[in-house]
Each structure stands twice: as structure tokens, then as C-alpha cells.
Amino acid sequence: MEYAGAGVGAPTMAGTRQVKLDKECELRVEVGADTPLRLRLVTGTAEIFGTELPPEIWLTFPPRLKFAVFTWYGATIEMDGSTETDYTADETPTVSYVNVHAILEGRRNRAKASSTSDPDSSQGPRVIVVGPTDSGKSTLTRMLLSWAAKQGWKPTFVDLDSGQGSITIPGCVAATPIELPIDPVEGIPLDMPLVYFLGHTIPSANTELYKVLVKELSRTIERHFAGNAEARAAGMVINTMGWIEGVGYELLLHAIDTFNANVVLVLGQEKLYSILKDVLKNKPNVDVVKLQKSGGVVSRNAKVRQKDRNYRIREYFYGLTNDLSPHSNIASFSDLFFYRIGGGPQAPRSALPIGAEPVADPTRLVPVNINRDLLHLVLAVSFAKEPDQIISSNIAGFICITDIDIPRKKITYLAPTVGELPSRFLIVGSLTWLET
Ligand SMILES: Nc1ncnc2c1ncn2[C@@H]1O[C@H](COP(=O)(O)OP(=O)(O)OP(=O)(O)O)[C@@H](O)[C@H]1O
Ligand SMILES: [Mg+2]
């Protein structure tokens, strides 16, 4: 591999500079921690994770963003500002990724051409991207979606990684149609995502609930596909979390099964590939494909991940560039109903056989008393009309509790918009956010 520009780890000098990229090479950039970076395409053509750069136009990348500018035929890139690191690489797995895209494209075309009365042949690819942490899953998902959108498809993006949240804040499973190549700066538009709230960044906090929500998500998508031949032919790309051992592995199998995935892309781990190939060998319509991890993927430790989650929640309320104005609202205790999902005994001891211990029911709806423990929690506003619909309902949005006044029985919360909440049912989890 050939490196140019600054050495890895050495912050580069501020100022404008140009980088010439040969064909099938990429410029890998980590924007500095405090200042944004401006970048533009001067000559040739180039893309960021599947989305083409407009010629000549300066784009501003926020601090900490890590990305690569890849060119198929050669390009000159200009940067203005300092970076944490930037270097060019001439070895990337992009060709193998685009080959996968070409195969998916063929399947979409076949699905579109087939008679819509046959549910199987009119179904486009259902791709799931799996692999260990920091193997480039989210990035590959993004490339496949953007390349498909560029060809005019509207594939469904399903994000099952409750640890990060590419569609909305962490703590959720979500899906959204991708109608245009994903913006390299703004990410995915938050127009109409379908979101279910787990309330925890790690699914092991309530594995059963995670599975229930994944099922709900798939059911809703299935209904949508049944009535929309275009969405059905475009298919879906599912992003997963990097937890691939033990329960994490079982959740992967559960996701493959629940969404009827027919293409499993395994990134960066031989062992997972061979286990999945073996487990899925009885399903002849499922292809398990091994793909190389990109050398550009940046590893993130637990602290960085925590920080990223905080920024993601901040972005929900304030926007990427502080362009949104969230509102601080005050409600009376009696205006809102708080529920936790999971916990509490499944049945009273008296109803159980002698000697049996009551166990916590992971999907039981438990009303939560209002007290200062709710402070700084991020809560989901349910679309449910009645409490018993809460688990199966999707989410309208989120609020963050910023003050609880017990004597006056008032709650202050931050919401993305002014005015009444779309519902009075709030779901409590363990997700917190402290405005800094
Ligand atoms: N070729 C590349 N050049 C520069 N940065 C890259 C490249 N590929 C990926 N990255 C960056 O590396 C980081 C990790 O990649 P990504 O999020 O795709 O990994 P992941 O497998 O999804 O991780 P996780 O297990 O945490 O979900 C991201 O910030 C991404 O933007
Ligand atoms: Mg990821």
C-alpha cells in the first residue's frame, strides 16, 4: 500500500492543498476534533461511500468525521483546513463491493421484470451485512444503498444496530427508503423513518424485546412490500451490529430468518463466514458471500463510541450544524404517562407452582413513577393510542427530560419542536443524554 500526504496520526497543517488521485485509489480523511474541513472535487470524478461528489463545489465536513474519497478514473481533490490524518491508498476492496452491487442490480431487474403476482420472483435482493466491530459494515451498507439509489431504485435501509443509529438516535431499530444517494455530510434524511425503541444501546439489556421489535419492523416492511412492487423489487439492505458471539450471533441468525435475507455479506472474518455458510447450507436460496475489510476502516474504542452516541443525540435535537431549534417545554405530571418495557414479575408467586420463582417478563409494560431518576433520560414518544399498543407501535420522536419539579408536579423536557407531543405515552429505557 502506498501512502502520500501526511503520516497517519500526524495532524496536518491548515491551509489549502491539492491531492491527485490515480484511478481506483482513495483519499482517506479523519477530520480534526475541533474544526471542520472543506473539500472539493477539482478535476475528474470521485465518490464518497457510493455518492458522487459534485464538481467544484466546496463541501464542509464536521469535526471527527472519517471518510474516503474514491475515484474510479482519477481525480484531483482540494482540501482547506486541518485534518487528524489524511493519506491516499491504492489498495481498496471497492471493486469487489461494486461487483456485489452489480449482482444485486441484476436481481432487482429480474424482480421488476417478473409478473408481480408471484411473490418470490418479484422480490428483489434482501441483503444483510454482518461482521465484527469495525469491519466496515455501516460503510458497505451505505455504498450498496447509494449505488442502488443512483440507478433509480428506492431500496429499504434497515438498521438493526441499536448501538449507533445511522437512521435515528441510538437505542432503536429502524428502517427507511433510500430515494437518493446518501449525502456524504448530512447522512440519511430523517423524513419518515420507521422506528421502534429498544431504549438501550446494547440489545442484551433486553434481548427478548429486541427480537420482538425486529419482528415488528419486519412485519411492517413486509406489508409495505406486499402493496408496493417498486419497493419490493428494490429490496433491502440490512446493517447489523458488531456483536457476533454468543447471544449476538443468535440475534444475527434471528435477523437473517426474520427478514428472509437471501444475501449474507460477511465482512472481515473467516470464522463467521464459515459458520454462517455451514448453518445456512440447507437454505439453497441464501447466498453467503465473504468480503474483504477495507484497510481504511477506523477502529473506535468504547469511549469514542459513547461520545459518538452523544453527538448523535445532540444532532437529533440541534441538527448537524446547530441548524435546528429544539424547544424546552413544561408539562404537568398528569399530562404524560411513562412506561418501561420489561421487568416486574411475570405472574404473582401465588399463581405459580410451589417452589417456582417468578421471573421478570421482558416484554411486560410497567408504568413508571415520576421521580428524579427520569432526569436526563431520552424517552421515545409512542404512536400508540392505548398503552397495550406500545410495544407494537412505532415511534414519533424523542424527548429528553431536563428538569423534574416534584413540589410543583412539573416536568421540563427538550423536544425537537414546539407544541403538544403527538402522544402522551412515553417509553423509558436506559438511554441518557446530558447537554454540554
Ligand atoms: N475506506 C475508508 N477510509 C476512511 N474511513 C473509513 C473507510 N471505511 C470506513 N471508514 C470509517 O471507519 C469507521 C468505521 O467504519 P464502519 O462504521 O463502517 O464500521 P462498522 O463495521 O459498521 O463498525 P461497528 O461495528 O461499530 O458498527 C467509520 O467512521 C467510517 O466512516
Ligand atoms: Mg456499523
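Read-outs: derived from the displayed coordinates by stated rules, not from any lab. Not measured: the values here are computed from a predicted model. Glycine gets a Cβ as well: all are built from the backbone with ideal geometry, and neighbour counts include every protein chain shown.
Where does the chain land at 222 nm, in deg cm²/dmol rounded to the nearest 500, when only DSSP H runs of n ≥ 4 count, each adding -39500 (n - 2.57), divided by all residues? Theoretical 222 nm ellipticity from helices: -7500 deg cm²/dmol. Computed packing ranks the peptides 241-253, 29-41, 291-303 as 29-41, 241-253, 291-303, most packed first, by mean other Cβ atoms within 10 Å.
Grab the beta carbon distance between R110 and T43, set R0 = 35 Å, and tell me the FRET efficiency rounded to 0.05. FRET efficiency, R110 to T43: 0.40. Highest-first packing order for the peptide set 121-127, 104-110, 183-189 is 121-127, 104-110, 183-189, based on the mean count of other beta carbon atoms within 10 Å.
Here the Kirkwood formula, the inverse mean of 1/r across different C-alpha pairs, assigns region 266-317 a hydrodynamic radius of 14.0 Å. Measuring how big the chain is from its alpha-carbon positions, Rg and Dmax come out at 23.1, 78 Å. So if we plug the beta-carbon distance of V185 and E270 into 1/(1 + (r/R0)^6) with R0 = 35 Å, what FRET efficiency do we get, rounded to 0.05? With a Förster radius of 35 Å, E is 0.50.
Sorted ascending by nearby beta carbons within 10 Å, beginning with the fewest, V368, V378 become V368, V378. Extension gain for the segment H327 to D90, taken as residue separation times 0.36 nm less the Cα-Cα distance, is 80.5 nm to one decimal. Overall dimensions of region 353-436, expressed as equivalent-ellipsoid semi-axes from the Cα gyration tensor (√(5λ), whole Å, largest first), are 27, 17, 12. Modelled spin labels at V366 and V247, positioned 7 Å past Cα toward Cβ, are 1.5 nm from each other. Would you mind telling me which residue in R232, R364, R408 has the biggest mean-square fluctuation in a Gaussian network model of the chain, where springs connect alpha carbons within a distance under 10 angstrom? Maximum fluctuation in the GNM of the chain, among the listed residues, is at R408.
Orientation-averaged projection of region 94-291 equals 10.3 nm² [convex hull of Cα atoms, one quarter of hull surface area]. For a straight C-alpha distance cut-off of 20 angstrom, the aspartates and glutamates reachable from K385 (same-chain residues fewer than eight places away being disregarded) are E216, D335, E420. Counting only lysines at least 8 places from K20 when in the same chain, those with an alpha carbon closer than 24 Å to its own are K66. Within the same chain, lysines fewer than 8 places from K290 are excluded, and of the rest, those with a Cα less than 19 Å from its Cα are K137, K271, K277, K281. Taken over region 186-301, the convex hull of the Cα atoms encloses 158 Å³ per residue. Ratio of Rg to Rh for region 16-91: 0.93 [Cα atoms; Kirkwood radius as inverse mean 1/r over pairs].
Subtracting the Cα-Cα distance of R424 and R408 from 0.36 nm times their residue separation leaves 3.8 nm of extension gain.
Computed across region 64-163, the Kirkwood radius stands at 16.3 Å (inverse of mean 1/r, all Cα pairs).
Using a simple spin-label model with pseudo-atoms 7 Å out from Cα toward Cβ, R17 and A302 lie 3.6 nm apart.
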